[in-house]
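S.K.: Following this message is one structure expressed as structure tokens.
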Amino acid sequence: MNLPSTSSPDAAHTPQLHSRLPHVGTTIFTVMSALAAETGAVNLGQGFPDFDCDPRLIDAVNDAMRAGLNQYPPMTGVPVLREAIARKVQTLYGHGYDAGSEITVTAGATQAILTAILAVVHPGDEVIVLEPCYDSYVPNIELAGGVVVRVPLTPGTFRPDFGKIAAAMTPRTRAIIVNSPHNPSGTVWKREDMLRLQELLAPTDVLLISDEVYEHMVYDGQPHESAARYPGLAARAFIVSSFGKTYHVTGWKVGYVAAPAPLMAEFRKVHQFNVFTVNTPMQHGLAAYMADPAPYLELPAFYAAKRDLFRQGLARTRFKLLPSEGTYFQCVDYSELAVPERSLGEADFCQWLTRAVGVAAIPLSAFYGNGFDQHVVRFCFAKKDDTLRHALERLARL
Ligand SMILES: Cc1ncc(COP(=O)(O)O)c(C=O)c1O
């Protein structure tokens, strides 16, 4: 056998890869945040708060670290946190999950969703996503060897079209991913939507991955319709939530999944060889902090005030405001602005808005596989009031 000599150039060559995700590039969120930083624009693009979390939460994590809670926790998450999550879900949505066998703490919702998909999707299985959708779903399905089946939410209203969902279901359908409150549109599924979904899935073995990371951001007195409230859905659902969203700590990357024990058993097989577990002091800190429900119960009023401040300012422009029933996103249609750039496509419009007006936004087309362009962009209002006012001053000329 002719082995290459260690001094030959061949010895140092990096093998060429056949990409597992050939269509994936840098996400629009990274691109727009970088452009906002470069141009000094107010960054209302990427979805994260520019204010700090409650200092009591930091203290709770510090206390855990100082108490020596710094080694590996159990694979499924520390029991006190799983119990706190189970109590919260029971109180809010009336479904009892067993903290031992039905709740797992994850490294944010992103890892939870990937893990759920890897646990249940076999090569060739179909998974329905409702577009526009969060950008991790499609590559996650592709990594599992699944087939992505894209069903559009109704353009203009972003409400689910159950006729289209039913038409997309086949004997190969393994799961459907639902996200309410919905990123990017800010729509919230109603009781009748959940009942329709429950009815549609009842005669099938289709699983539900219910992305509920914005569960505590539902406004105007509406309830959050968790899949946990619907026995027929809860029995087939991985319900995913994120402490990052709820407690203004997106960088901590801690979330959780609740699912019936047989589903959770499969989830944990993947989880234990994926992240294995999630950092210990954060989990203890979150468990202690959750003893007081006020921070999440007060979240709708907190964010509704920001939404209203932002909407009142935008109402003085020619942007057409779409409803924002939940999440911390506000979508606007720019097709009636009095500037020539109103005819640009969404991605170019966002570039122009960032560079020329000084406010970064995200094009909705980034949430569609085919780049569907409806002249709508998304702003994030999880910002200090001063940041929002600053952005509004800049947007006022439009
Ligand atoms: C709909 C949706 N799902 C999941 C996530 C990810 O949450 P995490 O930061 O906990 O991974 C996000 C974050 O933006 C989101 O908007």
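We did not get these values from a lab; they are worked out from the coordinates using the rules stated. Keep in mind that what you see is a predicted model, and the values were worked out from it rather than measured. Cβ: placed from backbone, ideal geometry, glycine included. Neighbour counts: every protein chain shown.
S.K.: Just in the stretch 230-335: which chymotrypsin sites (Phe, Trp or Tyr not before Pro) are loop by DSSP and have at most 16 other Cβ atoms within 10 Å?
M.R.: Within the stretch 230-335, the qualifying chymotrypsin sites (Phe, Trp or Tyr not before Pro) (loop, at most 16 other Cβ atoms within 10 Å) are 273, 276.
S.K.: Report, in debye and to the nearest 20, how large the dipole of the chain comes out about its Cα centre when Lys and Arg carry +1 and Asp and Glu carry -1 on their Cβ.
M.R.: It comes to approximately 240 debye.
S.K.: Of the trypsin sites (Lys or Arg not before Pro) in the stretch 308-370, which ones lie in a loop per DSSP and count no more than 16 other C-beta atoms within 10 Å?
M.R.: Of the trypsin sites (Lys or Arg not before Pro), the ones in loops of the stretch 308-370 whose Cβ has at most 16 other Cβ atoms within 10 Å are 316, 318.
S.K.: Using only the Cα atoms of the stretch 48-156, build the gyration tensor, take square roots of its eigenvalues as a ≥ b ≥ c, and label the shape rounded, prolate or oblate: rounded if a/c is under 1.5, else prolate if a/b is larger than b/c, else oblate.
M.R.: Prolate, because a/c is 1.5 or more and a/b exceeds b/c.
S.K.: Now, a different point. Taking the Cα centre of the stretch 291-398 as the origin and placing charges on Cβ (Lys, Arg +1; Asp, Glu -1), which of 375, 296, 352 is farthest toward the positive end of the dipole?
M.R.: 352
S.K.: Quick one: 19, 324, 241, fewest Cβ neighbours within 10 Å first, how do they rank? Can you show the working numbers first?
M.R.: Working: 19 8, 324 28, 241 25.
By the 10 Å Cβ count, ascending: 19, 241, 324.
S.K.: If the reach is capped at under 17 angstrom between alpha carbons, list the lysines near residue 88, excluding any in the same chain fewer than eight residues apart.
M.R.: 245
S.K.: Further question on the same structure: Could you calculate the contour length gain from residue 370 to residue 72, that is, 0.36 nm times the residue separation minus the distance between their Cα atoms, to one decimal place in nm?
M.R.: Once the chain is fully extended between residue 370 and residue 72, it gains 103.0 nm.
S.K.: As a check on your grasp of the helix formula, calculate [θ] at 222 nm for the chain: sum -39500 (n - 2.57) over DSSP H runs of n ≥ 4, divide by the residue count, round to the nearest 500. If you can, show how the numbers build up before the last one.
M.R.: Numbers: 15 runs with 145 residues, N = 398.
Value at 222 nm, helices only: -10500 deg cm²/dmol.
S.K.: At a 10 Å Cβ-Cβ cut-off, how would you order 13, 271, fewest neighbours first?
M.R.: Lowest count first: 13, 271.
S.K.: Could you list the GluC sites (Glu not before Pro) in the stretch 276-356 that lie in coil according to DSSP, counting only those with at most 12 other Cβ atoms within 10 Å of their Cβ?
M.R.: 298, 336
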